[in-house]
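The values are calculated or read from the model by the stated rules, or taken from the named source; none is laboratory data. Owing to the predicted nature of the structure, the values given are computational and were not obtained by experimental measurement. No Cβ is skipped: glycine too gets one built from the backbone with ideal geometry, and neighbour counts run over all protein chains shown.
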């Protein structure tokens, strides 16, 4: 008991904090902040570059402002208390970085020309100095502070590597220009200085764009919540008045009026009215759902027919929509941060290179008795030759070609790591409505006891012409050419269906199973037709299957992938569709929370690709190893996904997976060459056997080899 009490006391002394951190825009930023908080004793740390939020737990006695100061000292800014988000300054900073990037590109391109052309002016060393110096100064300004601060905290990051490589090349070149004027061309590496800085800045720009796109998914969800709500106020005399307020001011227990065509502003329970609600954006249900007194409704769904009053239940952070937003945030936070390979190995690579460079001076000067100048030159040559040029190009070159190939084949890919992650996929999960199907209602089948099918079509079509229900409109659109049956009387029974009397006095009823059908035969249809109280027929409504769905599932299965249907639609419909397509597993009637939980189960088994289109799919799309959406999907699904199939063709999906496999293989080949270059070049340079001129040639050759190997991605076949 004493031990339990002690543990409980410790838990009570801990406190969890959440803060907005400006400037944390990439995976490397989040990684650095996480490490420094860990060193300061914080636990349960979650630094999310997509949302710019940091969450952590620490002792209640710890002054959290001290930890915030540590984050500030890294070059970021923690928004504290009531402090307003200085978004203007934040955007201004990114604007400046873009200007620096444009300047660096403009100055680096002429510097690289001397490697390919023999024009005299591009080989002028003083011109090269003039072009490289501004780029080097910008590099020190952009990366220098971060490099120094990371070293101060004992957490060397990619910026240290950038500054080290660029400085070594620049200083080596300046020394060669000043002290070896007669043969300065043997010591000039100004293009290396500029290319290191410019390539990394381009990579950072691409990463920032990817993070921005990911973060906008949450913004789109927030905007989905209706801004206004009509609250019904009752005075002491029992008189009702209506007041329009902002949705955020609605409190649990308030009575809210919602009319035909309105979006429901908050979660609640229906207290008056019968309505048809389109919930497919939240639940995946393809057919509007009837809601009567006592039923629950979800904020963000649309009333397509009728009017209602609801009693607000879950408001603010407790609402279904807020929970989905929370799940998207958590899914984004649990994803591996976007970081370059050099970030992962910099903790080893940086001190190793410095150690080898220092050892080169010592061995050459004290043991080989070379002059100090020669020893220093060999030492700097080691750093120049070991600069991360080829290593930094290995992944971006392959990814750039892969992304271009994807775009030409109808695949819009977010983030370079997406193509790499596709190779890991073992399971492919599909939503139903709008993904495997088009989302457009159609008549799947029907049964009839009338004299012939044409008579059945004529009666149903003539009745449905008098209804504005979405199902009725789809039937009229499909059977509109059927003969017209004249009726003396047609009326709509709210929440149930239609009834009519023809000129012969026959009574017809067309409506739901709950209203009309009590028999044991012909169960499970969406609409039933009764003639004078007797069963006359029934209709099954479904949304149309995409024309390439069968082909796509069959191809994925032939490639060895497990296919899974995960939908919020009715279990019976999902099982029928799954059987028709040959899916390995089928899960129907899944809420957003259940979808998220099921995806966790599947991810524990093997990496998962999730293909979806609705708001209810957004958390799963963000959580999956790779999220895939169609271009006609909801905006939130598109923004949460890693890949958008721009032509709405599912048949492109197998090609995307193959492209991911080929891209990852190309990256591995590139990295092998890049590492092989460093493994061979560093000791050769340390021994003084590799002159800078030859080193530059080999370095240029390594880049050319990587580019040529990457370009092969542009011509490889993707259909096998």
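Summary of values
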item	result
Selected residue (only one of 656, 696 is modelled with pLDDT of 80 or more and outside any loop (DSSP other than H, G, I, E, B))	656
Restricting the stretch 174-183 to residues that are farther than 13 Å from residue 127 by Cα and part of a helix (DSSP H, G or I), the residue that is modelled with the highest pLDDT	175
Where residue 433 falls short, out of the listed (1) in contact with a helix residue (DSSP H, G or I) (Cβ under 9 Å, 6 or more places away or on another chain); (2) under 30 Å from residue 658 (Cβ atoms); (3) crowded, with 17+ Cβ neighbours inside 10 Å	(1)
Enumeration of residues in the stretch 500-517 that are closer than 20 Å to residue 570 by Cα and exposed (fewer than 13 other Cβ atoms within 10 Å of the Cβ)	514
Enumeration of residues in the stretch 387-400 that are surrounded by fewer than 24 Cβ atoms within 10 Å (Cβ to Cβ) and either at pLDDT 65 or above or more than 26 Å from residue 170 (Cβ to Cβ) (or both)	397, 400
Single residue of 322, 286, 216 found to be at pLDDT below 85, surrounded by fewer than 19 Cβ atoms within 10 Å (Cβ to Cβ) and touching a helix residue (DSSP H, G or I) at 6+ places or on another chain (Cβ under 6 Å)	216
Subset tally (residues that are buried (at least 16 other Cβ atoms within 10 Å of the Cβ) and touching a helix residue (DSSP H, G or I) at 6+ places or on another chain (Cβ under 7 Å)) for the stretch 466-486	6
Among the candidates 18, 34, 46, 61, residue that is modelled with pLDDT of 70 or more and in contact with a helix residue (DSSP H, G or I) (Cβ under 6 Å, 6 or more places away or on another chain)	46
Some residue of the stretch 632-645 being part of a loop (DSSP other than H, G, I, E, B), modelled with pLDDT under 85, within 16 Å of residue 429 (Cα to Cα) and touching a strand residue (DSSP E or B) at 6+ places or on another chain (Cβ under 7 Å)	yes
Hits in the stretch 436-456 - residues which are surrounded by fewer than 22 Cβ atoms within 10 Å (Cβ to Cβ) and in contact with a helix residue (DSSP H, G or I) (Cβ under 8 Å, 6 or more places away or on another chain)	439, 440, 442, 443, 446, 448, 450
Count of residues meeting criterion [within 48 Å of the chain's Cα centre (by Cα), touching a residue at least 12 places away in the same chain (Cβ under 8 Å) and farther than 30 Å from residue 273 by Cα] in the stretch 477-495	4
Among the candidates 622, 609, 604, residue that is under 21 Å from the mean Cα position of the chain (by Cα), in a helix (DSSP H, G or I) and modelled with pLDDT of 90 or more	604
Breaking point among (1) farther than 19 Å from residue 657 by Cβ; (2) touching a helix residue (DSSP H, G or I) at 6+ places or on another chain (Cβ under 8 Å); (3) free of Cβ contacts under 8 Å to residues at least 40 places away in the same chain; (4) surrounded by fewer than 21 Cβ atoms within 10 Å (Cβ to Cβ), for residue 547	(2)
